[in-house]
Structure formats: C-alpha cells, structure tokens
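To start, the structure under review is shown below, and the notes come after it.
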C-alpha cells in the first residue's frame, strides 16, 4: 500500500510543561483548534471543548468535542503520552468532518483490491467539512496506469446519508483504429463524415480470335463529346440529301 504521510495529519502532539497535577485543558483546546484549522480546507471551528480536571497520567484517554460554525459537532480522541502533560489527538471521519488522510488510505486499499495495483492518492488537505451532495477530486500521484487506462483522479461524493462514495476517473489509452482503405474521413462537430472513392469505368471486353475489337463502348464511355459530334454530322448529311 502506498500512503502519503503528512506531519500531524493523523496525530496531533503537544508537550505541556506545568507543575500542576492536572492537564492544562484550555491550552489543549486551543492547540487542537489551531491544528485542525491549519490542516483543513477553508475550515474554521467555533470551539473545541474538553473535559476539565483531567489528571496527568500516561496512556490516559479522553474525548473532546469540535464545534463547527453551524453548531454541528464531531469527536476528537485525545491520549496522554506520559505523565508530564504530553498529549496526542486524532479526528476520525464522521458525518460532519472528513479526515482526508484516512480517506486516502481507504481509497488506496479499495483500488488495490479492485485492480491489483496500489495507487498513491492525494486529497490535498487533511480535514474537510462533510456536506450532503458535495463532491471533490483527489489526485493520483505518479503512474496511475491500470488495465482500463490511466487513472488521473478519484471523484469523491457525499451522498444523501452523508456517507462517502468514490470512483476512479479513467482516461482510455486505447489506440484509434486507422481508416478503411478507399474511404476518406473528416471529423466534424457532429461526428465523422465519410466519402466513398470513385469507381473506375469498366474495361472493354477482349475480342475473340480473328475479330476486330469493338471499341465503340469504351470510346463512348471515355469520350461522350465525340459521340455527340458524330450524331450531329449524320443529321446534317440527311438534311443535305433531302
């Protein structure tokens, strides 16, 4: 699996020095909000709320709540790394906020299972607000060639249930067939027009042994003007005899 790693994408980390036996919650709330907004796509939070009175204890886990401007909320998981106030956090994807770094890994796994090849996916940011009916594209980094063609990007949609759906946008690389011999083609705005090649006149039948070849048919087909002149001359002779 190919993964794109961003510093702090899935895990926030802060070291808080204090003589207190409890965590500095206001500092943690501020750091989490700044980190999420910095890594989000035009993302602003109304607030981050964590429980008060959390003692310093290694590996202790608690949850905070992120609040968007429309008052919708999402979960923030916080874990203490030691008993000195060092904490880490991550924001799982929800119906309110999308963790794009986690989405990249999921899409990569699905493509690998479907086509047997890992493609590096880049959704550009780390967090994005989830809105019903919204859609966006994630880029395919490097060689995105599969059996069906070249995958340039992946289209992600937020359906009516706020769940994510995605599909690969494939550009076909199949060669264009050459035009058939004897037919010329020219592309137009409405499609393709074709013009058949001209058919050569039939050749005169060969004469039998000892006979004089009959060239009247070939002469008429090749020079119709000569036939017209001969007819006119005969008409003039008849007029003179009368």
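Exactly one of these conditions fails for residue 125: (1) farther than 18 Å from residue 39 by Cα; (2) surrounded by 14 or more Cβ atoms within 10 Å (Cβ to Cβ); (3) modelled with pLDDT under 95; (4) in contact with a helix residue (DSSP H, G or I) (Cβ under 9 Å, 6 or more places away or on another chain). Give me its number.
(1)
Check the stretch 30-47 and report whether any residue there is over 12 Å from residue 127 (Cα atoms), at pLDDT 95 or above and in a strand (DSSP E or B).
Yes, that holds for at least one residue.
For residue 45, state whether it is surrounded by 12 or more Cβ atoms within 10 Å (Cβ to Cβ) and without any contact (Cβ under 8 Å) to a residue 40 or more places away in the chain.
On the way: surrounded by 12 or more Cβ atoms within 10 Å (Cβ to Cβ): yes; without any contact (Cβ under 8 Å) to a residue 40 or more places away in the chain: yes.
Judged against the criteria, residue 45 is a match.
The values are calculated or read from the model by the stated rules, or taken from the named source; none is laboratory data. Nothing here was measured: the structure is a model prediction, and the numbers come from that model. Cβ sites come from the backbone with ideal geometry, for glycine too, and all protein chains shown count toward neighbours.
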